[in-house]
Amino acid sequence: RYALTAIKNVGEGAMEALIKERTENGPYKSISEFASRIDGSVVNKRLMENLVRAGGFDCLTQNRAQLFESVEKIMRHANAAAAERSSDQVSLFGGPSAESEPDIALADRLDWPAMERLKEEFDAIGFYLSAHPLDAYGASLERLGVGRSDQIVATVKAKGNSARINIAGIVVGSRIRTSSRGNRYAFVQLTDQAGVTEVTVFSEVLAVSRELLEAGQSVLVKADAKIEDEGIRLTVSRIEALDKSVSGTAAGLKIYLRDKDPIPHICEMISKEKPGRGKIKLVVDTDNEEVELALGKTYSISPNFRAAIKSLPGIVDARDI
């Protein structure tokens, strides 16, 4: 659960108006009915877009990308319906029964791939709410000796208040500074499933890893950790792309499907992969029961292959095993 008014560009007045309407006249049954009942002077385009990106309309439609691209059309419908109400006229947008209102023709497009969906959610809320991009790496992080950020202090204390550790995360921000000697260094914020961690990157590492410090990059960091009076200091000794790090450790890939439609595309992509040690398993949800199928051969599962699988229409998720 997350407060609606805490979503970026979503105001308290607008949310109070939506909740008041819902309380007085019942739950919203569809996007079209929602648009016919809201006050277009209170709810604007930017607010609607961020509600969509945050998942605020998932109970009405699961396809966030389709809804996002239809926001202008939804707002036109809402403004027209509001004008009809204020003029006390009955038309296609109004009338005694909401059941008679025509559905808004939403944009014909596929939903965002899982990683893009999470990025949009992060941009609207400020953190990953429904899932985290690192979830997809599963057991590969364990094999790399990566622990969650909330375990760092305990791990370092157990080793005598200083240790070299591995940290995996998504870059969410960085601040570059220049020392009195003219050397550049950076404070970089990484997020994992437990929260945000800040690490310090000095000039030598910064010079060779600058491109990996852009927001949204998935990275593996080797850092020297030291407990100090004010907390813990993490000084980076090496940074590399997380996909590159896990490519040699993944035991396989588990692919979750909505239905059988993506299977021909998966087969075509698999046929181009080299033989290797990675197992591939398909998981299909049928009548609320998951069916898992393991392919007979094993493959070399490259980062590009993993990313391409995730981007296929009909793929719910793809995780390392």
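The values are calculated or read from the model by the stated rules, or taken from the named source; none is laboratory data. Every value quoted in this text rests on a predicted model; they were computed, and no experiment measured them. Glycine also receives a Cβ, built like all others from the backbone with ideal geometry; neighbour counts cover every protein chain displayed. Each accessible area value is taken on the protein alone, full model and side chains, heavy atoms only, with ligands, DNA and RNA left out. Shrake-Rupley method; radii C 1.70, N 1.55, O 1.52, S 1.80 Å.
Taken together, the residues in region 116-146 that are open to solvent by 70 Å² or more (accessible area, probe 1.4 Å) and among the aliphatic types (A, V, I, L, M) amount to 1.
Looking at region 67-83, which of its residues are outside any loop (DSSP other than H, G, I, E, B) and either aliphatic (A, V, I, L, M) or open to solvent by less than 40 Å² (accessible area, probe 1.4 Å) (or both)?
Answer for region 67-83, where residues must be outside any loop (DSSP other than H, G, I, E, B) and either aliphatic (A, V, I, L, M) or open to solvent by less than 40 Å² (accessible area, probe 1.4 Å) (or both): Leu67, Val71, Ile74, Met75, His77, Ala78, Ala80, Ala81, Ala82, Ala83.
Of the residues in region 265-278, at least one is open to solvent by less than 20 Å² (accessible area, probe 1.4 Å) and farther than 23 Å from Gly145 by Cβ. Scan region 286-321 residue by residue and report those that are among the polar types (S, T, N, Q) and farther than 30 Å from Gln217 by Cβ. Once the filter is applied, which keeps residues that are among the polar types (S, T, N, Q) and farther than 30 Å from Gln217 by Cβ, region 286-321 yields Thr286, Asn288.
Considering region 108-155, the residues that are touching a Pro at 6+ places or on another chain (Cβ under 9 Å) and aliphatic (A, V, I, L, M) include one that is nearest to Ser218 (Cα to Cα), namely Met115. The residues on offer are Ser237, Ser209, and the sole one that is assigned to a helix (DSSP H, G or I), on the phi < 0 side of the Ramachandran plot and of a type in the set (S, T, N, Q) is Ser209.
Of the numbered criteria (1) open to solvent by 40 Å² or more (accessible area, probe 1.4 Å); (2) more than 25 Å from the chain's Cα centre (by Cα); (3) not charged (D, E, K, R), the one Leu60 fails is (2).
Scanning region 173-212 for residues that are open to solvent by 80 Å² or more (accessible area, probe 1.4 Å), among the small types (Gly, Ala, Ser) and farther than 25 Å from Val146 by Cβ turns up just one, Ser180. Is it the case that Thr23 is modelled with pLDDT of 95 or more and surrounded by fewer than 13 Cβ atoms within 10 Å (Cβ to Cβ)? So Thr23 fits the description; yes.
Condition check for Tyr128 on (1) out of contact with any strand residue (DSSP E or B) (no Cβ under 6 Å at 6 or more places or on another chain); (2) over 16 Å from Asp192 (Cβ atoms): one failure, at (2). Criterion applied to Glu16, Glu21 was being part of a helix (DSSP H, G or I), in contact (Cβ under 8 Å) with a residue 12 or more places away in the chain and among the charged types (D, E, K, R), and the one residue passing it is Glu21.
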